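Visitor: Provided herewith is a single structure, encoded as structure tokens, for subsequent inquiry.
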Amino acid sequence: MKITIIARQVTVTDDLKELVSKKLSKFDKFFSDEAEAFVTFSKKKNTEKLEVTISYSGTLFRSEVEDETFNNSLDRCVENIERQIRKNKTRLERRLRQGAFADYSSLGSEAVAEEGEFKIRVKSFSFKPMSPEEAILQMNLLSHKFYVFVNSETNETCVVYKREDGAYGLIVPSEEH
């Protein structure tokens with residue numbers, strides 16, 4: 001797995017980089033060498049925040065944890081991603097490395113019920129082309145956390161959403177490489 005360390009307003013020591021590499025190596029049985037992990041370190045007031053995103057074969061695994069230390073955050077991030085894998089074991093078997101679940105006991109001792117069949121509620125509505133600003137206004141008027149719309153400037157289907165920091169985000173489609 002290729003690991004990319006990103007430091008935002010903090011210095012990441014070599015010991016911490018080694019620890020990240022060691023902790024994430026436990027996922028090698030699930031992913032081939034093509035997998036990429038992005039580990040972002042940042043500090044926010046008195047807490048240290050760690051984001052781990054693993055990208056493999058078009059599937060993303062992500063965990064974001066704030067804790068007193070990066071070591072604690074790393075442990076919790078790894079646990080969260082393990083839980084995601086266990087919870088979706090059946091669906092992931094086709095996407096992950098062959099035989100990844102042969103030794104299922106090595107996935108940790110915590111019992112997690114595997115997710116059953118997805119219950120999907122279908123909702124359809126017509127799209128009116130609008131600007132991202134109009135979409136944010138509409139989202140706020142509906143008290144939603146996100147809003148799907150057709151961007152009047154690009155004619156693409158996009159999504160605006162409210163971020164945890166109070167700002168807004170815009171998701172635009174891109175061609176997969």
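Where a number appears in this text, it was derived from the coordinates with a stated rule and is not lab data. What you see is a predicted model, and the numbers here were worked out from it, not measured in a lab. We place every Cβ from the backbone using ideal geometry, glycine too, and count neighbours over all the protein chains shown.
Visitor: Any idea how many residues of the stretch 42-66 are over 14 Å from the mean Cα position of the chain (by Cα), among the charged types (D, E, K, R) and within 18 Å of Lys17 (Cβ to Cβ)?
Guide: Qualifying residue count, the stretch 42-66: 3.
Visitor: Of the numbered conditions (1) part of a loop (DSSP other than H, G, I, E, B); (2) of a type outside the set (Lys, Arg); (3) in contact with an Asp or Glu (Cβ under 7 Å, 6 or more places away or on another chain), Ser73 satisfies every one except a single condition; which is it?
Guide: (1)
Visitor: Can you name the residue in the stretch 119-147 that is hydrophobic (A, V, I, L, M, F, W, C) and surrounded by 15 or more Cβ atoms within 10 Å (Cβ to Cβ) and, of all such residues, is farthest from Ala167 (Cα to Cα)?
Guide: Among residues in the stretch 119-147 that are hydrophobic (A, V, I, L, M, F, W, C) and surrounded by 15 or more Cβ atoms within 10 Å (Cβ to Cβ), the one farthest from Ala167 (Cα to Cα) is Met130.
Visitor: What residue, of Ser42, Ser21, Ser55, is surrounded by 14 or more Cβ atoms within 10 Å (Cβ to Cβ), without any contact (Cβ under 8 Å) to a residue 40 or more places away in the chain, of a type outside the set (D, E, K, R) and outside any strand (DSSP E or B)?
Guide: Ser21
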